[in-house]
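Reading through the structure tokens given below for one structure.
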Amino acid sequence: MDQLASFYHAHITELNRRVAEITQRENLAGLVIHSGQPHRQFLDDMNYPFKVNPHFKAWLPLLDNPNCWIIANGIDKPTLVFYRPVDFWHKVSDVPDSFWTEHFNIQLLVKADKIAEFLPENLADWAYIGEHLDVADVLEFTARNPDGVLNYLHYHRAEKTQYELACLRRANQIAVRGHIAAKNAFYNGASEFEIQQQYLAAISQGENEMPYGNIIALNENAAILHYMSQEHIKPEQRRSFLIDAGASYHGYAADITRTYAFEKNPFSELIEAVNQAQLKIIDAMKPGVKYPDLHIKTHEYIGQILQDFDLVNSGADEALTAEITKAFFPHGLGHMLGLQVHDMGGYSHDERGTHIPAPEQHPFLRCTRPLAVNQVLTIEPGLYIIDSLLNDLSVSAKQWVNWQTVDFFRPFGGIRIEDNVIVHADRNENMTRELGLE
Ligand code: GLY
Ligand code: MN
Ligand code: MN
């Protein structure tokens, strides 16, 4: 914790520096960052789980308290207006006392609608950063999530501070623990639902604390890219297991995928081939490398694997040209990772937010900017049997597909292998593997 505290000092110094720079540039007095408000379910008296504004949790690991505010101008010590109602229905958060509290003037807000009393007088010069524009209206902010500010913050968010890297390592360490438990559960005969429960128990996080809904897929379900159901019934035959599951630490996300074969067979060999391709791509990550080039290189590897495993009758090159690799690997290679699973800033060319579009041929790619030191990205190649995509191939491309092999692999669903990687000046840090996940 001591090291985190000292990293945090540098982190908040950097955040203050950014606020000072961008508010001066945009002629603003400062930023007023809203943690958010609860969202009520339609015709109900229940709220959806609270998801804090990522711009708020960038400042401090306060994830579960709506109606809080940060007031920052980059020069003065920032103020945290901490919501602490008198409420006998709900748990009221304790007044914070942690490694970060000394860096804020903390004021307590008892009634959410009294916030105006805590905010600067002339809000016309301040920018509201948050989701609730109706609240910003009532408070008479004129600048609300200004593009100039958000573009700047999102661009810089890609470069993590040492505090953020420490949080991301910790999130990976926690998720690795869950993945090992889930793998054991799979080999011990658990259902998808039971695997999920064992994962959550191993990491001691509830579903609402997770950075995204886990994908826990047995057999054919592994071919459904965002498979969110969890079958309670155990399949009669156990062939394969794809798990895409993360963890959170202080608001930072891990996003890890593994695929397992129940037995040694051609599918386990196919997993190993995708694994080797993934490691080669990670080896090629360096500052200055364009992420789309890595994505295109991955398609070359997938083309080779399709040929090696007799999934196509063509050469690897034809598989690429005929867009067959895209039917087997239809998503992007990965994305930036941080406060959000798909972290902002992946398309930003510069502080002004100049957009670098995804290549026309690869519209799902979520990161187009060059790699740089202290960026954190996922690398997640996949290879799936998705009938709808294979059916959509052109007539000529279909002739290259070896349908018998497709039939053989279909019951296994598919493969994805996803690690979380920090780009350093002289090496890559594959957090997921270095923290113990094979
Ligand atoms: N788990 C979401 C993703 O891999 O992008
Ligand atoms: Mn994932
Ligand atoms: Mn991912």
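The values are calculated or read from the model by the stated rules, or taken from the named source; none is laboratory data. As the structure is a prediction and not an experimental result, all values here were calculated from the model. Note that we place each Cβ from the backbone using ideal geometry, even for glycine, and neighbour counts take in every protein chain shown. Heads up: the accessible areas ignore ligands, DNA and RNA and are worked out on the full protein's heavy atoms, side chains in. Shrake-Rupley method; radii C 1.70, N 1.55, O 1.52, S 1.80 Å.
Just a few scattered comments:
- Stretching the chain fully between residue 228 and residue 10 yields a gain of 74.6 nm (0.36 nm per residue, less the alpha carbon separation).
- Reachable lysines, given that their alpha-carbon falls under 27 Å from the alpha-carbon of residue 111 and they are not under 8 places away in the same chain: 51, 57, 77, 91
- Highest to lowest packing among 162-172, 275-285, scored as the average C-beta count within 10 Å: 162-172, 275-285
- Eigen-decomposition of the gyration tensor built on the alpha-carbon atoms of the chain gives equivalent ellipsoid semi-axes of 42, 25, 19 angstrom, largest listed first.
- Using the Cβ-Cβ distance between residue 286 and residue 237 with R0 = 41 Å, the FRET efficiency computed as 1/(1 + (r/R0)^6) comes to roughly 0.40.
- For the peptides 225-235, 256-266, the ranking by mean Cβ contacts within 10 Å, running from highest to lowest, is 256-266, 225-235.
- Aspartates and glutamates with Cα under 18 Å of residue 234, excluding same-chain neighbours fewer than 8 positions away: 192, 194, 220, 263
- Within the same chain, lysines fewer than 8 places from residue 286 are excluded, and of the rest, those with a Cα less than 18 Å from its Cα are 160, 297.
- Note on residue 125 and residue 350: with the Förster distance fixed at 30 Å, the Cβ-Cβ geometry gives a FRET efficiency of about 0.70.
- The length gained by stretching the chain between residue 318 and residue 48 to full extension, at 0.36 nm per residue less their Cα-Cα distance, is 92.3 nm.
- Helix-only arithmetic for the chain: the sum of -39500 (n - 2.57) across DSSP H runs with n ≥ 4, divided by the residue total, places the mean residue ellipticity at 222 nm at -10500 deg cm²/dmol.
- Label-point gap, in nm, between residue 310 and residue 187 - each point 7 angstrom along Cα→Cβ: 2.8 nm
- Using alpha-carbon coordinates, inclination of helix 291-308 to the longest axis of the chain, degrees: 20 degrees
- The residues of the chain have, on average, 46 Å² of accessible surface per residue, using a 1.4 Å probe with all protein chains present.
- Remark: spin-label model distance residue 396-residue 41 equals 5.3 nm, labels positioned 7 Å along the Cα→Cβ axis.
- By accessible area, using a 1.4 Å probe on protein heavy atoms only, the stretch 6-158 has 50% of its surface on carbon and sulfur.
- Here the translational diffusion coefficient of the stretch 316-366 follows from Stokes-Einstein with Rh set to the Kirkwood radius across Cα pairs; for 37 °C and 0.692 mPa s it amounts to 260 µm²/s.
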